[in-house]
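Only one structure is covered here, and it is reproduced in the block below.
Only the coordinates and a few stated rules stand behind these numbers; no lab work does. Source: prediction; values computed, not measured. Here Cβ is always computed from backbone atoms with ideal geometry, including for glycine, and neighbour counts include all displayed protein chains.
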């Protein structure tokens, strides 16, 4: 059977999911046996536990049928093999290929694109070796000590979250970072100004990241950096490399020390494993760390090919998410890593998920009659417990939760107080929260009652290593992709960002504009 | 008429709000005249624009009636005058008093509590003077250069967000910070370990913040700090002060260089203007900065006494929020500051709002039949534009938005590219987004269409100064309080955090526990 693209509510299985009766309450369902049985092994040491999610064997069967009828794994295979999946922009979707060939090599206009991405990675490794050895020096002949990424959105959040996730692992394993790393993203001049005042300009290398080479914020920040460098007598061209597409105005310009390329088949929010992420990560953390990261992501991509949903964590996570969104009607979901290293991982997932699946028309441009991508938010635990968990436990609207935990800390530096380590406290809190959300607690004072039945899943690994991080990132990328297939939307464009860009240009050009826009521009002094 | 406490759906005006017909679509409503007319002046230079929110004069009239019938301003006045408003815990709610007397002095058991809070502030000023002058020295006789706050939830998020909000203002106005500031919150040992490895221990002063003196995470992190200091031959007692209540086990202990007090009438999430926030802010930024911050908050508190909703920005913001939540049925709201300095302000508001109003029973413990506090999330613009704004523009669920903007940057350091400064670009983007969300745009390709009718408000000020920040904080605190009154809930307790704490203790004590909890504890290796 060839592939078809149907709306969720046009499929037999989808109709059943939309009308399925809620299973018995989690409060009753959640036994130790279920916790142990409802688990699936992921790549790179991950284990996915879904016993505390609001599903039972009957719902899982419906979801398996939905996966089969919507041909989710087959569509994934088509995607990695180079079918045009970003239909609106008529583009391939090849971020998987940046970490390895999933099924078979992909050629486009006679070019082996896997080889192209790999070539760029070889160039980055070679470049970072030379920087680390001091063979490539600053304009004052000094060894570079610091790297600053200038980019926004996909060129910022993912690489930043990945850097923070591995910074302390590298400090522990290697004794120190290879280079300090910072990021400038916002067009607010206070962002660039503050970062530039805090880094040693003479020994700082800047990576300018813009696929199109036309991103307003990034070009403004490039100018900011160049003016600042020039003011202190440094040669800007000797302090800046670029990550862009070969067709962009930035490509192969003499204004950059080096250029590393991506192409239109790597969406910004999926670009952490391309040169967008690997350049800064190799410079700051080391090429071996990046290779571990890519290896973990690739392993997760391979595990996502399994058609049996209970054997494929990303697929299962996606389908349960659809059940929560369309069957149970929950509009939001929270990502709660019990790991300080993942402090910005929820912000990256917020982008990944909401920008991919925040769509109201299907891939053919037809309006949809069901909800698509949820609102995603989150902060690390235990911090969140002292903040928004109140609403999660006792608010009027249930929020499905995605917990992430690790047996061991990254730095291995710990203290015993009141008979337990901090790491044990962290994980005791995590276990306690899952059960508190699921089972709740009756109390004679209803203000102290917990309704329970608040679903969650748990992704666990031994330690947050480069491999584990790569696999975690790919898990969520693939989850979002599978959900897009279920909803029959194009998860790989972002037309919703265009209107604001156009109106901004009108304001700046002081052109003829809508009177309300004119009024707001005046109010804001622009 | 004496005060009454009724559920929203028990009031005449509330019933009308719940059943009100949506006004004409924003797409049509939003004219320049409306933008200019629908504004109200706030304290400390703030202007609140609500022309792009989904209200018209008829809805505003309903909301005024609701405010009157639910006696919102009268309840606020009772609160600031020392009535027991935190009914579950039988406590007063006095955070307003930490920045000045709103209506009249508050006495409790013969004690003037305003004088008490003020005394603590005087003690903090005196202490920070001595630290700055080098009269109070480290255990090695050195001048302290760095201050680290150890606290979690309300003892962390607010002070951290406020520090980040003013850090660059101080650097610009004073040339540098008085002391560098860092924060340790998470029980994850990687948090404390990373911060301690990055500060100069010999010259670092720690502020241990826990109202009860029993917060598990904070005490574990205190031990972490003490062990680390002792290992390098420093005397921990000479490097640590505490902010706690007079009745806590930490109070007046010889283990601390100094103690600054709060009491049970200051909720954690409302404590940024108490010693919880002012100690670290005075040490890092200076007492004059804190006084400006308190002054701004106090001015906003005074402006919240106005009973006419169109003259009281916090009250109006609260009521429109209720309309969005209960009338229009929107379950989430986003806070979007166009200012990098406010990078963690949304996280603080997420705590403030979701912990205060994430409740499902009223102040008498009776279940409610309507939705209460929404999910709150946000990131600074323009960053968010390249991330989750896709869903906000084109997703299936509208999300009401709260924009915040400033005419001028904090650092005043800017660059012109393509004919405009970065600050002008920032604000052009902000104006453009408001209009894009409200008016949308039709396009023959429905994937490029924007439905519009997505409501937002705008808070604008000239520059983010200490006064402006204080007033901004108080605006949201008072908004959340008014909403709690409308919903007839107790916004000042947090019983939802208790069950997790109890279960955590059971896990750590390896006591008898629910088998599912035992299973999760094993999975997490604890």
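Projected label points at residue A:235 and residue A:463, each 7 Å from Cα along the beta carbon direction, are separated by 4.4 nanometres. Modelled this way, with points 7 Å down the Cα-to-C-beta line, the labels at residue A:505 and residue A:31 are 6.3 nm from one another. Checking the a/c ratio against 1.5 first, then a/b against b/c, what shape does the Cα gyration tensor give for the stretch A:87-137? Cα axes put the stretch A:87-137 in the prolate bin. When the convex hull of its Cα atoms is viewed from all sides, the stretch B:39-196 shows a mean projected area of 15.3 nm². With R₀ fixed at 51 Å, the C-beta to C-beta distance from residue B:133 to residue B:498 puts the FRET efficiency at about 0.70. Report note on the peptides A:510-516, A:474-480, A:428-434, B:288-294: ranked by the mean count of other C-beta atoms within 10 Å, highest first, their order is A:428-434, A:474-480, B:288-294, A:510-516. Residues in the stretch B:43-70 near a label at residue B:302, defined as backbone nitrogen under 17 Å from the 7 Å Cα→Cβ point? It comes to B:43-47, nothing else.
Quick one: Cα centre-to-centre distance for the stretch B:185-220 and the stretch B:344-388, in angstrom? Cα centroid to Cα centroid, the span is 27 Å. Across peptide B:31-43, how many C-beta atoms of other chains are within 10 Å of each residue C-beta, on average? Neighbouring Cβ atoms belonging to other protein chains average 2 per residue here.
By the helix-only formula, in which each DSSP H run with n ≥ 4 contributes -39500 (n - 2.57) and the sum is divided by residues, the protein assembly as shown has a 222 nm mean residue ellipticity of -13000 deg cm²/dmol. Each copy carries a label point for residue B:24 at 7 Å from Cα toward Cβ; from one copy, the others' points are 5.7 nm away, ordered from shortest. With label points defined 7 Å past Cα in the direction of Cβ, position residue B:214 shows copy-to-copy spacings of 6.3 nm, given to one decimal and shortest first. For the stretch B:107-292, the square roots of the Cα gyration tensor eigenvalues, ordered a ≥ b ≥ c, give a/c below 1.5, which places it in the rounded category.
One residue of chain A places its C-beta nearer than any other to the axis carrying A onto B; that residue and its whole-Å distance are A:377, 2. An oblate overall shape is assigned to the stretch A:36-123, the ratio a/c of its alpha-carbon gyration tensor axes (a ≥ b ≥ c) being 1.5 or greater and a/b not exceeding b/c. Can you give the angle from 0 to 90° between the axis of helix A:466-487 and the longest principal axis of chain A, with both taken from C-alpha atoms, to the nearest 10? Helix A:466-487 sits at roughly 70 degrees to that axis.
Subtracting the Cα-Cα distance of residue B:119 and residue B:56 from 0.36 nm times their residue separation leaves 18.0 nm of extension gain. Extending 7 Å from the Cα toward the beta-carbon at both residue B:126 and residue B:108 defines two label points whose distance is 2.3 nm. Building the convex hull from the alpha-carbon atoms of the protein assembly as shown and averaging its projection over directions returns 38.2 nm².
Max-minus-min Cα coordinates of the stretch B:169-240 on each principal axis give 38, 29, 22 Å, with the largest extent listed first. Set the Förster distance to 51 Å, then compute FRET efficiency between residue B:140 and residue A:444 from the Cβ-Cβ distance, nearest 0.05. It comes out at approximately 0.35. D by Stokes-Einstein for chain B, Kirkwood Rh over Cα pairs, 20 °C, 1.002 mPa s: 88 µm²/s. Computed from the C-beta positions of residue A:227 and residue B:227, the FRET efficiency with R₀ = 51 Å rounds to 0.60.
Equivalent-ellipsoid semi-axes (√(5λ), Cα gyration tensor) for the stretch A:248-320, whole Å, largest first?
Result for the stretch A:248-320: semi-axes of 32, 16, 8 Å.
Taking Cα atoms only, the orientation of helix B:113-133 departs from the longest principal axis of chain B by about 60 degrees.
A label point on residue B:139, set 7 Å along the Cα-to-Cβ line, lies at 4.8 nm from each of its counterparts in the other copies, closest listed first.
Projected over all directions and averaged, the alpha-carbon convex hull of the stretch B:212-296 occupies 6.2 nm².
Average partner chain C-beta neighbours within 10 Å, per residue of A:406-418?
Across the residues of A:406-418, the mean count of other-chain Cβ atoms within 10 Å is 6.
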